[in-house]
Amino acid sequence: MLLHGWLGSWGLWQNTMKYLGQDYRTYALDFWGFGESGKKVPTFAVQDFVSMVRQFMDRLGIIEAPLVGHSMGGTVSLSFAIKHPERVSQVTVIGSPIVGSSLALTLKLAGRRWIASLVFRAMWALKLGLRISSPIISSDPNWYDMITSDLSRTTLESFLLSISSLRQTDLRPFLSQISIPAMGMYGQKDVIVDPDQWQLMQKGVSNVRIERFEDAGHFIMLDSPERFMQELKDFLENGA
């Protein structure tokens, strides 16, 4: 099961699904408030997305599965593994915050309602900022078009409440509860989440594998696709 990050959608995983689909049945969902999912739900907190993953698995009759999450999706994956260990066989996180204070300042500010409202009223400014900063966020030239397409389907409430919840998250006290094989992938050029979050994961999880990508940023699957696919498949087959 593949889980996207903040402002993203399942579309991020299309190439990964093609690659893994040769050997695995893959699923990718849109969190409430993002992509093609419903927008009218009470809240969009990390724990709500944990519940959504459980409901998704229950509806499809999935008893147990590996979870792979990018950014916020990785935080959800770890939270799910902590709360429902019997439903997860392995967990992989990619550029994910273990503690919310690791988010870039701009993301932490987006969790404040008056700032989020201001940004939504001036969406053109946000898109301009993303275009200008695009080269330092991802080396993939298609990244900007993908993120602005996903952004257009995001509501103010999902934009605000999800990042606000993520900003307040701290998984450090619970990482020792994760006994299944876990892997953390972090790009050294990440400007969205502090790339040194791998250290917290390595310290807190007993059965963990860390892969660091010197030439990748926050979107490792776009910046270093070949190595990303190889490392992910090797982990799924051989564990930590």
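The values are calculated or read from the model by the stated rules, or taken from the named source; none is laboratory data. Please read these numbers as outputs of a predicted model, since none were measured by experiment. Here the Cβ is made from the backbone with ideal geometry for all residues, glycine too, and neighbour counts use every protein chain on show.
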Mind telling me which of the residues Q177, Q188 ends up being closer than 20 Å to L105 by Cα, at pLDDT 95 or above and surrounded by fewer than 21 Cβ atoms within 10 Å (Cβ to Cβ)? Q188
Conditions (1) part of a helix (DSSP H, G or I); (2) under 27 Å from R227 (Cα atoms): number failed by V50: (2)
For W114, only one of the following conditions fails: (1) in contact (Cβ under 8 Å) with a residue 40 or more places away in the chain; (2) assigned to a helix (DSSP H, G or I). What is its number? (1)
Condition first: charged (D, E, K, R) and more than 18 Å from the chain's Cα centre (by Cα). Now tell me which residues in the range 36-59 satisfy that. K39, K40, D58, R59
For the range 135-174 the number of residues that are at pLDDT 90 or above, within 19 Å of D30 (Cα to Cα) and of a type in the set (D, E) is 1
Looking at the structure I just gave you, is S77 hydroxyl-bearing (S, T, Y), within 15 Å of A182 (Cα to Cα) and either at pLDDT below 95 or part of a strand (DSSP E or B) (or both)? no
Cβ pairs under 8 Å, 6+ apart or interchain, first in the range 12-41 and touching a residue at least 12 places away in the same chain (Cβ under 8 Å) and in a loop (DSSP other than H, G, I, E, B), second loosely packed, with under 13 Cβ neighbours inside 10 Å and of a type outside the set (K, R), ordered by first then second residue, are Y27/L60; D30/E36; W32/G38
Failed criterion for V93 (all others in (1) within 29 Å of G239 (Cβ to Cβ); (2) assigned to a helix (DSSP H, G or I) hold): (2)
Condition met for P225 (surrounded by fewer than 14 Cβ atoms within 10 Å (Cβ to Cβ) and either over 30 Å from W114 (Cα atoms) or under 17 Å from the mean Cα position of the chain (by Cα) (or both)): no
Matching residues, the range 187-215, being small (G, A, S) and free of Cβ contacts under 8 Å to residues at least 40 places away in the same chain: S206
Determine which member of the set E36, E64, E86 is of a type outside the set (F, W, Y), touching a Lys or Arg at 6+ places or on another chain (Cβ under 6 Å) and either closer than 25 Å to T148 by Cα or surrounded by fewer than 17 Cβ atoms within 10 Å (Cβ to Cβ) (or both). E64
